[in-house]
Amino acid sequence: METSLQAPVIPSPAVRDTVGIRKRIRRSFRQIRTESVFKQTLVIAGLILVILVLGILLTLITQSLPSIRLLGLKFIWGSTWNPVKNVYGAFPFLLGTLLTSFLALLICIPFSIAIAVFLGEYYPSGWFADVLKNAVELIAAVPSVIYGFWGLAVLVPMVRSLEARLGIDQPLGVGIFSASLILSVMIIPYAASLGRSMIQMVPEHLKEAAYGLGATRWEVIRHVVLPYTRSGLFAGILLSLGRALGETMAVTMVIGNSSILPKSIFAPGNTMASVIANEFTEADKTVYLSALIELGLALFLVTVIINIIGKKIIDRFTNE
Amino acid sequence: MAAIKGSWIMVSLGILSLLSCSGKSHHLIGAGSSFDNPLFSKMFYSYFQSRGIKVNYQSIGSGGGISQLINRTIDFGASDVPMNGEQDSLSPARVLHVPITVSAVVLSYNLPELQDTLRLSPQVLAGLFLGRITHWNDTAIAAINPGVRLPDLPVVIAHRSDGSGTSNIFTSYLSMISPEWASRVGRGSSVNWPAGLGGKGNEGVAGLIRQTHGAIGYIELAFAMQNKMAFGKIRNRTGHFITPSISSISAAADIPMPANGKASLADTDAPDGYPISSFSWVLLYKEQDYRHHPQEKADHLLHLLDWMIHEGQRYSSALYYAPLSPAAVHAGEGILKSATYDGHPILTQKN
């Protein structure tokens, strides 16, 4: 750039200087302009996102007003969902959402941490690591309806025979446990891939120091790698929890869709997202529609609350 | 300035072309009942072949069709259930219900050990779906199935999890035959099921039935026939056990029709009639002169519907729908003739 300013054939030094200065001034003005336009674009993009989230929240609140006015707090604690009599209690669905999500999380944690440690620490490269990495990423890319079909055709009969062996008096196969299993498979990649990149970022000198002190590989992972990456692993798990809370299609296919309060984890149940997906198109009364939107609002708030709690926990981990 | 003027012209041209697109008069748009979709697809294809009028039908469900009609985004709706009071009050103008075909809901079950067809009475049906009868060897079931060895197996109820016209037909029937059902559960597109599992769509319920030994659930006749599923005989009001079929549904639908076409076929009096049958309706505005709705389009719509209740009926049986009875066709003619454009009747003589 600098060389192009010094043109080869220019008559006098004075003229050359003013031309050069003008050019430079013009260029720097243009640079400043681009700079500010770029900055404005960023600000606008950020603002649009904030407005979008607030807009969604506002729409959910205004649209659910008829139901809030009619039902009040009974909406959250009521356990009857009866569209015929205009009684809407979301507690069974709230419970179903929380149960399936946390159960799925519980099942997925050991697997996702194992994959993260394996790919991050033991085999960061090589053909086997590539195959495993791609397989994990593929799990995230499979559409959820495929998981639903797989769950219904393969997992549900397996769960049914397990239930029969456990001596449950009506082995159905479908239910909260099956939904949690499907969900845990679906959310593994989120926790695993974030965990893997975190583990790869652990500074080499820390690990070498530990090895230098005579630590074994297990001890290095246990006392250096995992404590160092704790907040990252937790963030990945939080991300997967968010996915589990909102997952609809696969869950609705294997959970049994019953509005009765579940008595055990093998009983059929329902989640908020699946009720909305099932009943929204045919909600033929104003209050009914509004109750379904309030269910959406409740799901939104549950996600926000869980995210806030998660952030707090991450902060505490990193401050230690 | 010239550039600005040019862009204005471009924009207005664009808007004009959009408007003319939506107002294209040889295109009709309908939406609603997914149950009617296979029959409608066949009818509309054949209508396009013979008359050159294209009909775009979206099978988004009966409730969706009604709300799209209320919002006036479609030319006609289709529903397995007549509009309810609240929908009537939301609607900007009077809506006509034209009976278009007859459907039935059948009770399908998974009891491979049974040689004969299972017989069900209204009381047993209500008992099963209320969660009262929990085992297949219950005395109430045994009493109406003499000589049949019923297994000692828990009953698993399968119902629709999504709101649907099929559920509405079935719960309306249960409400008619069982006062307890009427007071505890009631009728609707989705209700608070006292027992059982929910599956999404006919295929979801069918999947639950196929997978679960001892399951029983309700599905549409056409779906059960196409998928060769076992279904039970139901005792009707006259005491006969009736196998659902095109002839038994037609028998149920052969009733004197009210002028508005909203006849219920549940729990029919006909001796050979299947008791869980129902009409399906096409919905349209009585006054066809409304925003963005040219007369030509209204003409096309009325002629299409007139064709559907007459010539179109010949496609019914092959697709497991029952054709309309002469009384229903006559009632449909009367309803279609009452439709107007700007106060003038549209169908004056038969086309």
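The values are calculated or read from the model by the stated rules, or taken from the named source; none is laboratory data. Nothing here was measured: the structure is a model prediction, and the numbers come from that model. All Cβ positions, even for glycine, are placed from backbone atoms using ideal geometry, and neighbour counts span all protein chains on display. Note: accessible area is taken over every heavy atom of the protein model, side chains too, but ligands, DNA and RNA are not part of it. Shrake-Rupley method; radii C 1.70, N 1.55, O 1.52, S 1.80 Å.
Name the residues in the range B:26-35 that are modelled with pLDDT under 90, more than 14 Å from chain A (Cβ to nearest Cβ) and either surrounded by 15 or more Cβ atoms within 10 Å (Cβ to Cβ) or within 21 Å of the chain's Cα centre (by Cα) (or both), would you?
Residue satisfying the conditions is B:27 alone.
List pairs: first residue in the range A:136-158 and over 25 Å from residue A:197 (Cβ atoms), second residue part of a loop (DSSP other than H, G, I, E, B) and hydroxyl-bearing (Ser, Thr, Tyr) anywhere in the structure, Cβ distance under 7 angstrom, at least six positions apart or on different chains.
none
Look at the range A:171-192 and say how many of its residues are aliphatic (A, V, I, L, M), in a helix (DSSP H, G or I) and buried (at least 24 other Cβ atoms within 10 Å of the Cβ). Break it down stepwise before answering.
Start the filter on the range A:171-192 by keeping residues that are aliphatic (A, V, I, L, M), which leaves A:172, A:174, A:176, A:179, A:181-183, A:185-188, A:191-192.
Restricting the remaining residues to those that are in a helix (DSSP H, G or I) gives A:176, A:179, A:181-183, A:185-188, A:191-192.
Then drop every residue that is not buried (at least 24 other Cβ atoms within 10 Å of the Cβ), which leaves A:176, A:179, A:182-183, A:187, A:191-192.
Residues that pass the stated criteria total 7.
Please work out if residue A:195 is open to solvent by less than 60 Å² (accessible area, probe 1.4 Å) and touching a strand residue (DSSP E or B) at 6+ places or on another chain (Cβ under 9 Å).
Numbers: open to solvent by less than 60 Å² (accessible area, probe 1.4 Å): yes; touching a strand residue (DSSP E or B) at 6+ places or on another chain (Cβ under 9 Å): no.
Against the criterion (open to solvent by less than 60 Å² (accessible area, probe 1.4 Å) and touching a strand residue (DSSP E or B) at 6+ places or on another chain (Cβ under 9 Å)), residue A:195 does not qualify.
Tell me, please, whether a residue that is in a helix (DSSP H, G or I), touching a Ser or Thr at 6+ places or on another chain (Cβ under 7 Å) and within 30 Å of residue A:264 (Cβ to Cβ) can be found in the range A:110-131.
Going through the range A:110-131, the residues in a helix (DSSP H, G or I) turn out to be A:110-122, A:127-131.
Within this subset, residues satisfying the condition of being touching a Ser or Thr at 6+ places or on another chain (Cβ under 7 Å) are none.
No: zero hits.
Out of A:209, A:215, report the one residue that is surrounded by fewer than 20 Cβ atoms within 10 Å (Cβ to Cβ) and either part of a loop (DSSP other than H, G, I, E, B) or of a type in the set (Val, Ile, Thr) (or both). Lay out the reasoning, then the answer.
Working: A:209 fails: either part of a loop (DSSP other than H, G, I, E, B) or of a type in the set (Val, Ile, Thr) (or both).
When all the criteria are applied, what remains is A:215.
Tell me whether the range A:37-59 contains one or more residues that are surrounded by 15 or more Cβ atoms within 10 Å (Cβ to Cβ), in contact (Cβ under 8 Å) with a residue 24 or more places away in the chain, more than 14 Å from every other protein chain (Cβ to nearest Cβ) and part of a helix (DSSP H, G or I).
Filtering the range A:37-59 down to residues surrounded by 15 or more Cβ atoms within 10 Å (Cβ to Cβ) leaves none.
No - not one qualifying residue is present in the range A:37-59.
Would you confirm, using the coordinates I've provided, whether residue A:168 is open to solvent by less than 60 Å² (accessible area, probe 1.4 Å) and at pLDDT 90 or above?
Numbers: open to solvent by less than 60 Å² (accessible area, probe 1.4 Å): yes; at pLDDT 90 or above: no.
No; evaluated as a whole, the condition is false for this residue.
If you scan the range B:164-191, which residues turn out to be crowded, with 22+ Cβ neighbours inside 10 Å, more than 13 Å from the chain's Cα centre (by Cα) and more than 13 Å from every other protein chain (Cβ to nearest Cβ)?
If the condition is that a residue be crowded, with 22+ Cβ neighbours inside 10 Å, more than 13 Å from the chain's Cα centre (by Cα) and more than 13 Å from every other protein chain (Cβ to nearest Cβ), then B:173 is the only one that fits.
For the range A:231-252, state whether one or more residues are hydrophobic (A, V, I, L, M, F, W, C), in contact (Cβ under 8 Å) with a residue 24 or more places away in the chain, in contact with a Leu (Cβ under 6 Å, 6 or more places away or on another chain) and part of a helix (DSSP H, G or I). Let's see the steps before the verdict.
Filtering the range A:231-252 for residues hydrophobic (A, V, I, L, M, F, W, C) gives A:233-235, A:237-239, A:241, A:244-245, A:249-251.
Keeping just the survivors that are in contact (Cβ under 8 Å) with a residue 24 or more places away in the chain gives A:233-235, A:237-239, A:241, A:244-245, A:249-251.
Next cut, in contact with a Leu (Cβ under 6 Å, 6 or more places away or on another chain) only: A:241, A:244.
Of the ones still in play, those that are also part of a helix (DSSP H, G or I) are A:241, A:244.
For the range A:231-252, residues hydrophobic (A, V, I, L, M, F, W, C), in contact (Cβ under 8 Å) with a residue 24 or more places away in the chain, in contact with a Leu (Cβ under 6 Å, 6 or more places away or on another chain) and part of a helix (DSSP H, G or I): present.
How many of the residues in the range B:314-351 are without any contact (Cβ under 8 Å) to a residue 40 or more places away in the chain and open to solvent by less than 30 Å² (accessible area, probe 1.4 Å)?
The number of residues fulfilling the criteria is 1.
Considering only residues that are in a loop (DSSP other than H, G, I, E, B) and out of contact with any strand residue (DSSP E or B) (no Cβ under 9 Å at 6 or more places or on another chain), which ones fall in the range A:70-103?
If we filter the range A:70-103 for residues that are in a loop (DSSP other than H, G, I, E, B), which is where we start, we get A:72-73, A:78-80, A:83-86, A:89-90.
Within the range A:70-103, A:72, A:73, A:79, A:83, A:84, A:85, A:86 meet the criteria.
In the range A:70-82, what count of residues is obtained for those that are open to solvent by 40 Å² or more (accessible area, probe 1.4 Å), within 14 Å of chain B (Cβ to nearest Cβ) and among the aromatic types (Phe, Trp, Tyr)?
The qualifying residues number 0.
If you take the residues of the range B:228-271 that are without any contact (Cβ under 8 Å) to a residue 40 or more places away in the chain and hydrophobic (A, V, I, L, M, F, W, C), which of them is surrounded by the most Cβ atoms within 10 Å (Cβ to Cβ)?
Selected residue: B:242.
Looking at (1) part of a strand (DSSP E or B); (2) on the phi > 0 side of the Ramachandran plot; (3) not aliphatic (A, V, I, L, M), which one does residue B:101 not meet, given that it meets all the others?
Status for residue B:101: all satisfied but (2).
Sort out which residues of the range A:277-300 are basic (Lys, Arg) and without any contact (Cβ under 8 Å) to a residue 12 or more places away in the chain, and write them in order of number. Full working, then the answer.
Quick first cut of the range A:277-300, residues basic (Lys, Arg) only: A:285.
Correct list: empty.
So, of the residues in the range A:83-111 that are open to solvent by 10 Å² or more (accessible area, probe 1.4 Å) and within 14 Å of chain B (Cβ to nearest Cβ), which turns out to be modelled with the highest pLDDT? Show your work before the answer.
Residues of the range A:83-111 that are open to solvent by 10 Å² or more (accessible area, probe 1.4 Å), as a first pass: A:84-87, A:91, A:94-95, A:98-99, A:102-103, A:105-107, A:109-111.
From the residues that got through so far, the ones that are within 14 Å of chain B (Cβ to nearest Cβ) too are A:84-87, A:91.
On the way: A:84: 90, A:85: 89, A:86: 89, A:87: 91, A:91: 95.
Top of the filtered list is A:91.
Exactly one condition in (1) within 23 Å of the chain's Cα centre (by Cα); (2) more than 9 Å from every other protein chain (Cβ to nearest Cβ); (3) not in a helix (DSSP H, G or I); (4) not acidic (Asp, Glu) is false for residue A:261; which is it?
Condition not satisfied by residue A:261: (1).
Return yes when residue B:56 is within 14 Å of chain A (Cβ to nearest Cβ) and farther than 25 Å from residue B:246 by Cβ and no when it is not.
Details: within 14 Å of chain A (Cβ to nearest Cβ): no; farther than 25 Å from residue B:246 by Cβ: yes.
Against the criterion (within 14 Å of chain A (Cβ to nearest Cβ) and farther than 25 Å from residue B:246 by Cβ), residue B:56 does not qualify.
If the requirement is being modelled with pLDDT under 95 and touching a helix residue (DSSP H, G or I) at 6+ places or on another chain (Cβ under 6 Å), which of these qualifies: A:31, A:63? Walk me through it before giving the result.
Numbers: A:31 fails: touching a helix residue (DSSP H, G or I) at 6+ places or on another chain (Cβ under 6 Å).
Exactly one residue qualifies, and that residue is A:63.
Kindly indicate the residue of the range B:46-66 that is under 25 Å from residue B:278 (Cα atoms), at pLDDT 90 or above and open to solvent by 60 Å² or more (accessible area, probe 1.4 Å) and also farthest from the chain's Cα centre (by Cα) among those meeting that condition.
B:56
Any residue at all in the range B:149-166 that's under 28 Å from residue A:253 (Cβ atoms) and part of a helix (DSSP H, G or I)? Explain how you work it out, then say what you get.
If we filter the range B:149-166 for residues that are under 28 Å from residue A:253 (Cβ atoms), which is where we start, we get B:151, B:153-166.
Within this subset, residues satisfying the condition of being part of a helix (DSSP H, G or I) are B:165-166.
Within the range B:149-166, one or more residues are under 28 Å from residue A:253 (Cβ atoms) and part of a helix (DSSP H, G or I).
Using the structure shown, decide if residue A:67 is surrounded by 21 or more Cβ atoms within 10 Å (Cβ to Cβ), in contact with a strand residue (DSSP E or B) (Cβ under 8 Å, 6 or more places away or on another chain) and of a type in the set (Ser, Thr, Tyr).
Values: surrounded by 21 or more Cβ atoms within 10 Å (Cβ to Cβ): yes; in contact with a strand residue (DSSP E or B) (Cβ under 8 Å, 6 or more places away or on another chain): yes; of a type in the set (Ser, Thr, Tyr): yes.
Taking the combined requirement at face value, the residue satisfies it.
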